[in-house]
């Protein structure tokens, strides 16, 4: 049982959970969260891939990729949330 | 020898998975966000364990901190809109306006089928993962060879700002696209009062502030051995911006728009210009001359950090600060 | 005279380029429109005359342009093409005059003449196609250009008819695409070559070749109105009279019949087609269509519908002549391509005049119309008698050759078929003539004795009727349709 | 010190700088946008010349070279896609000048240009990329800008559709990212060249599957098309034209590219892809037949057409994959041009008549003749009638399928064609019927300069069919599918 195995499977599990959420959940906010879970899961897989048995240093490239992925995901999340806020406002105005 | 660590790993992994499930299934949205923040911090911890401190830092600061703040802000907005509506219906007494449009519930069968489908996919991925080589060839040797020519000491920074600088530039472009899109989407939104440190926020602050402090300290430590961390640094600065906005120490005004726009594009523009202008004397784009590499990378990092901080804060604030004509949207 | 290798292209462009100009003209610019229409039509007739002279002298025109590797857009001007271009150029000129008169105050004239022009361009393109691929291009263009003409009236009935028309013809076009692809895959070329390109492939894989024959004839049979694919034709009668005239005499059905000719003679080659055992069924199908069309025509009271079923019947003479696989029958078929065009266009224009001048649209209303519109009805009668096959009119010539060809091919039943068909023709045409000339128009007492229709409506049917007479009477003169067809048949059967 | 500028860098950086400038100077956004578009087009022409003269061009960014660095690479296919993007983009931009000229549209005007230029940056970036992670970042640039454009009109329906689009987009990108992760796990590198000749292990099959599903979601391949019709139908006309004509093509292109370097592991999977395409053709057709609004019909036709492209891709099985991409590429180009023209024309019709309910099109005394004509021309290409580029693409599709005896794909194509005839003829009937109008009809109403751009596109869609031979030979430059570049 090495950490890469444990966390790799963790990542895949988190990805799967996110996937279920993305497909089955109705609440808008929760769907965003589910997608974020998927991204964390993908991040796990890359970080695990970079991991080397100490004392060897890990591969820095996947780390850079995950950092990029995180920033990209926060941008996408911000846009999705802005849409949710806008939609809620429009719906509220329509119903008044 | 590794026994205690394996137990730690297993426990951490289990908590992460459990928190993921919990955050998706808990009924209350606020609880969902809180659970997510804990989940994110634990994931970051796991990544520290996997010797990826930079990633852990980015995840804690941006993936969890900023995302959590964004989620909380949106939740606040949703509750405000729903609340305002309820109030109106109560005072007007004309109709019973429903609080929020209730989506048509998906049949349980469909949900189960979907879940089973996702389960199968996950299982397949797990099998594929177990079949993959445990430590692939990777870029280790290539990076090690190229590091002396990169102008920086920290490998991750080298990858981000030199070897794969093009990716990083495009990542900054994604941020720019996000802020443009958000300003576009939320134009003329009815002027909901910015969230202040209310009941919702105290929860967030309790959780996030210590995290921010810890992160900031860690960043300093990282900064000692590497010149970088633009994203982490930017995120911490953004946290400062968030607090300024929350405490109303700073209120965005229409007059500040130009400056804000300039700050948004600063990182992208500087990065892209440097990338283009270094291409001379047989060099190609993004190929920094070795003697100036460190300076140029520092310059880019500085600009990008500033842009990221302002952009993240603006993404949190959302709406473009516009003087609204009284009583409605300016444009649809 | 100078040698212009691009002549076929110019002939195509006269109408193709006229079309966008006509679209763009404002509705009120009637005079300019008429000038362009007539000018272009006259120019085309002249260019075609020039071209036929050159081709008769043995000049070979061959324009190619590669569209896909190995697949060419190819225009050629062989004698068979000339036959069809000459027909369409001359009849276009006449129909244009007629249409200008017919639509004098109608709506959407810009659109009408734009598509009208496009339609003729497509017909000319079909005639000059040097391979099946190019043929397909223009065949589909023809469909698209005629659809707006069919539904020109813009009412619910027209749109329903247009829908049927579009479904039949586009489905046919799709099957033709399939056949063209099949030919391409099977033979590696789609060129039209006298003697055919499939001889080897058919020897190796007769089943595929037979299938291809069925697919191609099926596809072309839609436009050629071969039974049972003819249903669109009578329905499409909602179109304005000049459109019906053009559709029946020149463009659509003839494109189908012409395509069948190309496919049998120059894709398969008459010998290969015979060896595959496909000509006999085709001849039988043509025979069935001839009788079926005539029988249906008898039961129609609507003049245009009666004429439509008559077309179904008459066009199959061409297919019959092709399928009999005898040179003499081929002469008959080719001659009938022209003769039927002349006769049918006369009758449709005459029918249009009856409707315009007297409001007569049904056979039962035709009592005494001969006295009211003698010129028009004279033309009509001449064409009808020609259809029946009365010597020395044009129809007689083609039937004569067909019958002789039947004998030559050892198919005696053809004589019986032709006799029976002529009899049926008489059954549905003669009562119309009888009513027109020998009955009093008591029912139409209210109508003016001499309705005024403009010369633009009156002259065209008379002109074509004269042509019917000339084509029959002077069948052996040089450059007469008959002589030209002999020229073609020499090529198709000697290669 | 002179700067060496490469055409590839310009193709990506010019729109980027344009976006920055347009965002900073909102008042001059339209001018900046047009200039940036024109300059980008110039860069693409320059690049095309380079590729034409000396074959595929490679630019190792930062001088590192793959696999450590990122290479940009331009060959026939990428330049063709770039050319499609700039040509369509330029014309859509011109018509956007008119479509967004309304007094109440100042904000739309202001944001259209930066978003569209960022979108262009992302699209051009995709076509020049040779690195799968870089592709992930690029599709995210595209996604955010595209969502911004989708919701430009700010109506509730548009925002709703934009949100669904956003979910689908993020999910698609994340599936792709997970695929990238698996590629890294197995091979330890991310550049295209590193993917070649790899043994199809479990991890790689998972990677291909993840990336394919992610891209299918992005390009709206049936049954993952659910987000597309609403998003494309509710956007403003220029945005719809960009989304339908260009954006979905980026993901399609990545599928083509990946198939070049990572062949599908089995014939069965390829057939499955074809079946999904066939499903799209049928289902898209049925929905287009049922659609009540013009733009919705056009959007469903996009679903069907994308299906057809996948059918073209799978048409000749595994062995034919080295040829199939040409048919697919031709169809992609044809659809890009024709669909942009059609959406612009539909937008014009809607603007002129005031609604786009198909059933009531014939009740209007206003007949925007030129826009209707444009619509019909675009439909000819989409149906695949000669001599349009769509016809040539379909010819290539059916020829390959026939030659390898895959008759089912021939049948699917023919059924799809007939369905497209049926649903487009619904619209034509509305254009050409006049007996339901009370007021007198003016024939030439609605002539406007705004029709010039869509009309040009529509004529291009038809006329390019005659240019198919040069286009094909250009596509093959530096791109012998299946042979190491």
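Look at the stretch D:137-159 and say how many of its residues are surrounded by 24 or more Cβ atoms within 10 Å (Cβ to Cβ), within 7 Å of chain B (Cβ to nearest Cβ) and more than 17 Å from residue D:93 (Cβ to Cβ).
7
Tell me which of these residue D:188 doesn't satisfy, since it passes every other one: (1) in contact (Cβ under 8 Å) with a residue 60 or more places away in the chain; (2) surrounded by fewer than 24 Cβ atoms within 10 Å (Cβ to Cβ); (3) over 20 Å from residue D:141 (Cβ atoms).
For residue D:188, the failing item is (1).
Just name the residue that is nearest to residue D:85 (Cα to Cα) out of those in the stretch D:45-68 that are in a loop (DSSP other than H, G, I, E, B) and touching a residue at least 40 places away in the same chain (Cβ under 8 Å). Spell out the reasoning first.
First, pick out the residues of the stretch D:45-68 that are in a loop (DSSP other than H, G, I, E, B): D:55-56, D:64-68.
The next check asks that each one be touching a residue at least 40 places away in the same chain (Cβ under 8 Å); those that pass are D:55-56, D:66-67.
Details: D:55: 21, D:56: 19, D:66: 26, D:67: 28 Å.
Of everything passing the filter in the stretch D:45-68, D:56 is nearest to residue D:85 (Cα to Cα).
When the residues of the stretch B:6-31 are narrowed to those that are without any contact (Cβ under 8 Å) to a residue 12 or more places away in the chain and at the interface with chain A (Cβ under 8 Å from one of its Cβ atoms), which ends up surrounded by the most Cβ atoms within 10 Å (Cβ to Cβ)?
B:24
Filter the stretch A:16-29 down to the residues that are closer than 28 Å to residue B:52 by Cβ and at the interface with chain B (Cβ under 7 Å from one of its Cβ atoms) and list them by number. Even if it seems obvious, please write down each step before you answer.
Initially, the stretch A:16-29 is screened for residues closer than 28 Å to residue B:52 by Cβ, giving A:16-22.
Residues satisfying the conditions are A:16, A:17, A:19, A:20, A:21.
Closer than 24 Å to residue C:353 by Cα and assigned to a helix (DSSP H, G or I): is that true of residue C:322 in this structure? Show your work before the answer.
Working: closer than 24 Å to residue C:353 by Cα: no; assigned to a helix (DSSP H, G or I): yes.
Judged against the criteria, residue C:322 is not a match.
Residues that are within 9 Å of another protein chain (Cβ to nearest Cβ), at pLDDT 85 or above and not in a helix (DSSP H, G or I): does the stretch B:245-268 have at least one? Before the answer, list the steps.
Going residue by residue through the stretch B:245-268, those that are within 9 Å of another protein chain (Cβ to nearest Cβ) are B:258, B:261-262, B:264-265, B:268.
Still in the list and also at pLDDT 85 or above: B:258, B:261-262, B:264-265, B:268.
Right, trim to not in a helix (DSSP H, G or I) and you get none.
No; the residues of the stretch B:245-268 include none that is within 9 Å of another protein chain (Cβ to nearest Cβ), at pLDDT 85 or above and not in a helix (DSSP H, G or I).
Taking the stretch D:210-223 on its own, how many of its residues are more than 16 Å from the chain's Cα centre (by Cα) and either at pLDDT 90 or above or surrounded by 24 or more Cβ atoms within 10 Å (Cβ to Cβ) (or both)?
Residues in the stretch D:210-223 being more than 16 Å from the chain's Cα centre (by Cα) and either at pLDDT 90 or above or surrounded by 24 or more Cβ atoms within 10 Å (Cβ to Cβ) (or both): 5 in total.
Just to be sure, is residue A:6 in contact with a helix residue (DSSP H, G or I) (Cβ under 7 Å, 6 or more places away or on another chain), on the phi < 0 side of the Ramachandran plot, touching a residue at least 24 places away in the same chain (Cβ under 8 Å) and facing another protein chain (nearest Cβ under 7 Å)? Break it down stepwise before answering.
Details: in contact with a helix residue (DSSP H, G or I) (Cβ under 7 Å, 6 or more places away or on another chain): yes; on the phi < 0 side of the Ramachandran plot: yes; touching a residue at least 24 places away in the same chain (Cβ under 8 Å): no; facing another protein chain (nearest Cβ under 7 Å): yes.
Here the answer is no, as residue A:6 does not meet what is asked.
Yes or no: residue D:63 at positive phi, within 10 Å of chain B (Cβ to nearest Cβ) and surrounded by fewer than 24 Cβ atoms within 10 Å (Cβ to Cβ)? It would help to see each step written out before you state the result.
Details: at positive phi: yes; within 10 Å of chain B (Cβ to nearest Cβ): yes; surrounded by fewer than 24 Cβ atoms within 10 Å (Cβ to Cβ): yes.
Considered against the rule, which asks whether it is at positive phi, within 10 Å of chain B (Cβ to nearest Cβ) and surrounded by fewer than 24 Cβ atoms within 10 Å (Cβ to Cβ), residue D:63 comes out as yes.
Can you tell me which of (1) in contact (Cβ under 8 Å) with a residue 12 or more places away in the chain; (2) surrounded by fewer than 24 Cβ atoms within 10 Å (Cβ to Cβ) is the one residue A:32 doesn't meet?
Of everything listed in (1) in contact (Cβ under 8 Å) with a residue 12 or more places away in the chain; (2) surrounded by fewer than 24 Cβ atoms within 10 Å (Cβ to Cβ), residue A:32 misses just condition (2).
Considering every residue within the stretch B:129-136, establish whether at least one is touching a helix residue (DSSP H, G or I) at 6+ places or on another chain (Cβ under 9 Å), modelled with pLDDT of 85 or more and either more than 7 Å from every other protein chain (Cβ to nearest Cβ) or buried (at least 16 other Cβ atoms within 10 Å of the Cβ) (or both).
Yes, that holds for at least one residue.
Conditions tested, residue by residue: (1) out of contact with any strand residue (DSSP E or B) (no Cβ under 7 Å at 6 or more places or on another chain); (2) assigned to a helix (DSSP H, G or I); (3) under 22 Å from residue C:493 (Cα atoms).
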site	(1), (2), (3)
C:160	yes, yes, no
C:173	yes, yes, no
C:176	yes, yes, no
C:200	yes, yes, yes
C:203	yes, yes, yes
C:208	yes, yes, no
C:218	yes, yes, no
C:228	yes, no, no
C:233	yes, yes, no
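Of everything in the stretch C:358-381, what is over 13 Å from residue C:434 (Cβ atoms) and either touching a strand residue (DSSP E or B) at 6+ places or on another chain (Cβ under 6 Å) or not in a loop (DSSP other than H, G, I, E, B) (or both)? Give them in sequence order.
Step one: list which residues in the stretch C:358-381 are over 13 Å from residue C:434 (Cβ atoms), which gives C:358-362, C:365, C:371-376, C:378-379.
C:358, C:362, C:365, C:371, C:372, C:374, C:375, C:376, C:378, C:379, listed by residue number.
Checking residue A:52 against (1) surrounded by fewer than 24 Cβ atoms within 10 Å (Cβ to Cβ); (2) facing another protein chain (nearest Cβ under 7 Å); (3) outside any loop (DSSP other than H, G, I, E, B), only one condition comes out false. Which one?
Every condition holds for residue A:52 apart from (3).
Can we say residue C:91 is under 27 Å from residue C:22 (Cα atoms), within 22 Å of the chain's Cα centre (by Cα) and not in a helix (DSSP H, G or I)?
Details: under 27 Å from residue C:22 (Cα atoms): yes; within 22 Å of the chain's Cα centre (by Cα): yes; not in a helix (DSSP H, G or I): no.
In short, no.
Sort out which residues of the stretch D:165-197 are within 12 Å of chain B (Cβ to nearest Cβ) and in a loop (DSSP other than H, G, I, E, B), and write them in order of number.
Within the stretch D:165-197, D:188, D:189, D:190 qualify.
What number goes with the only condition from (1) within 8 Å of chain D (Cβ to nearest Cβ); (2) at pLDDT below 85; (3) in a helix (DSSP H, G or I) that residue B:280 does not pass?
Of everything listed in (1) within 8 Å of chain D (Cβ to nearest Cβ); (2) at pLDDT below 85; (3) in a helix (DSSP H, G or I), residue B:280 misses just condition (3).
Of all residues in the stretch A:64-96, which are more than 7 Å from chain B (Cβ to nearest Cβ) and closer than 15 Å to residue B:169 by Cα?
A:65, A:69
If residue C:32 satisfies every condition in (1) at pLDDT below 80; (2) surrounded by fewer than 16 Cβ atoms within 10 Å (Cβ to Cβ); (3) in a helix (DSSP H, G or I) but one, which is the exception?
The single condition residue C:32 does not satisfy is (1).
Considering D:115, D:31, D:37, D:16, which residue is closer than 30 Å to residue B:320 by Cβ, part of a helix (DSSP H, G or I) and over 24 Å from the mean Cα position of the chain (by Cα)? Steps first, answer last, please.
Working: D:115 fails: over 24 Å from the mean Cα position of the chain (by Cα); D:37 fails: over 24 Å from the mean Cα position of the chain (by Cα); D:16 fails: over 24 Å from the mean Cα position of the chain (by Cα).
That would be D:31, the only listed residue that is closer than 30 Å to residue B:320 by Cβ, part of a helix (DSSP H, G or I) and over 24 Å from the mean Cα position of the chain (by Cα).
The values are calculated or read from the model by the stated rules, or taken from the named source; none is laboratory data. Since we're looking at a predicted model, the values are computed, not measured. Glycine also receives a Cβ, built like all others from the backbone with ideal geometry; neighbour counts cover every protein chain displayed.
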